[in-house]
Amino acid sequence: MTTTPHATAPVPLRTGQRLALTLAREEMMQDYHRWETDPATIVGFGARWPVSWEVFRARFRGVHTSSHYQLFEVITTAGATPVGTTSLNVDQSVNSAEFTLVIAPEHRGLGYAAEATALTLDWAFTIASLNAVWLQVLAPHTLAVNAYLKAGFRTAGRLRDAALWHGKRVDKLLLDCLPDDLAAERR
C-alpha cells in the first residue's frame, strides 16, 4: 500500500532539503491511522494495542480544536507526497512540548526522521517560541534515537525497565532540546 497526494494541496510551513512541514489534513486521517496502527509503530511507541478508527478519529478531531497541540504532516518537497507526521503537545505552564514522530511504513529507512524532527524543532523554537522540546524513546529503537540526536536532541535521562520492546522489558530514554542546543550546532 502506498500513500498518494490528495486533492487539497498542502501549504509548506517549513521547508528543508527533501521534506516540508504542513498542517495535518482531515482528508489524510485514514492514512495517519494506518501509519499509527502499523505493528512497527506500535512496538516503537512501546504500546500493546492499536487504536481503533473511532478512537483515532475522535482524538484527531478533538486535538485540532486545542491551542496546546499541533499535528504536522510531513511531505516531500518534490511531489508533496505525505511521508509521516510530527506533533508538539505543549505544556503551557512551563512553555515546553512533548514531540512525537511517525514515518509511514513505506517511507521508513530513507533518512526522513532526522529532517522531519529538525523542521519541527525549528518551528517549535522560532515560531512557537517554546523553551524546550522533549521526547521519550525506547532504548533499543536505535534508528530513532540516532535520528533524534542528529536533529539536535540530547540525552536527558533514562527510566529503567519502563517499557516493552517485543515482549521484553527495556529502558525508556528521555531526550530534550533547548534553543541554545541548536544554535551551538549551527556555529
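Residues being more than 14 Å from the chain's Cα centre (by Cα) and among the small types (Gly, Ala, Ser): count how many of those fall in region 116-151.
4
Looking at region 19-33 only, could you name the residues that are surrounded by 16 or more Cβ atoms within 10 Å (Cβ to Cβ) and either in contact (Cβ under 8 Å) with a residue 40 or more places away in the chain or among the basic types (Lys, Arg) (or both)? Outline the logic, then answer.
Applying the first criterion (surrounded by 16 or more Cβ atoms within 10 Å (Cβ to Cβ)) to region 19-33 yields 19-22, 24-25, 28, 31-33.
Passing the criteria: LEU19, ALA20, LEU21, THR22, ALA24, ARG25, MET28, ASP31, TYR32.
Return the total of residues in region 34-50 being outside any helix (DSSP H, G or I) and open to solvent by less than 60 Å² (accessible area, probe 1.4 Å). Lay out the reasoning, then the answer.
Pass one, region 34-50, residues outside any helix (DSSP H, G or I): 37-38, 45-50.
Keeping just the survivors that are open to solvent by less than 60 Å² (accessible area, probe 1.4 Å) gives 37-38, 46-47.
Total satisfying the criteria: 4.
Within region 51-67, how many residues are open to solvent by 50 Å² or more (accessible area, probe 1.4 Å) and under 23 Å from ALA124 (Cα atoms)?
Looking only at that region, the number is 5.
Out of THR126, THR76, I need the residue that is more than 17 Å from ASP181 (Cα to Cα) and polar (S, T, N, Q). Which one? Step through it out loud before you land on a result.
Details: THR126 fails: more than 17 Å from ASP181 (Cα to Cα).
Among THR126, THR76, only THR76 is more than 17 Å from ASP181 (Cα to Cα) and polar (S, T, N, Q).
Which ranges mark the strands (runs of 3 or more DSSP E) fully within region 68-187 that have 2 or more residues being surrounded by 18 or more Cβ atoms within 10 Å (Cβ to Cβ) and of a type outside the set (S, T, N, Q)? Lay out the reasoning, then the answer.
On the way: elements: 69-76, 82-91, 96-103, 132-138, 154-165, 168-177.
Output list reads 69-76, 82-91, 96-103, 132-138, 168-177.
The values are calculated or read from the model by the stated rules, or taken from the named source; none is laboratory data. Remember, it's a predicted structure, so these values are computed and weren't measured experimentally. For neighbour counting, all protein chains shown are included, and Cβ atoms are generated from backbone atoms with ideal geometry for every residue, glycine included. Protein only, heavy atoms only, side chains kept; ligands, DNA and RNA dropped before computing areas. Shrake-Rupley method; radii C 1.70, N 1.55, O 1.52, S 1.80 Å.
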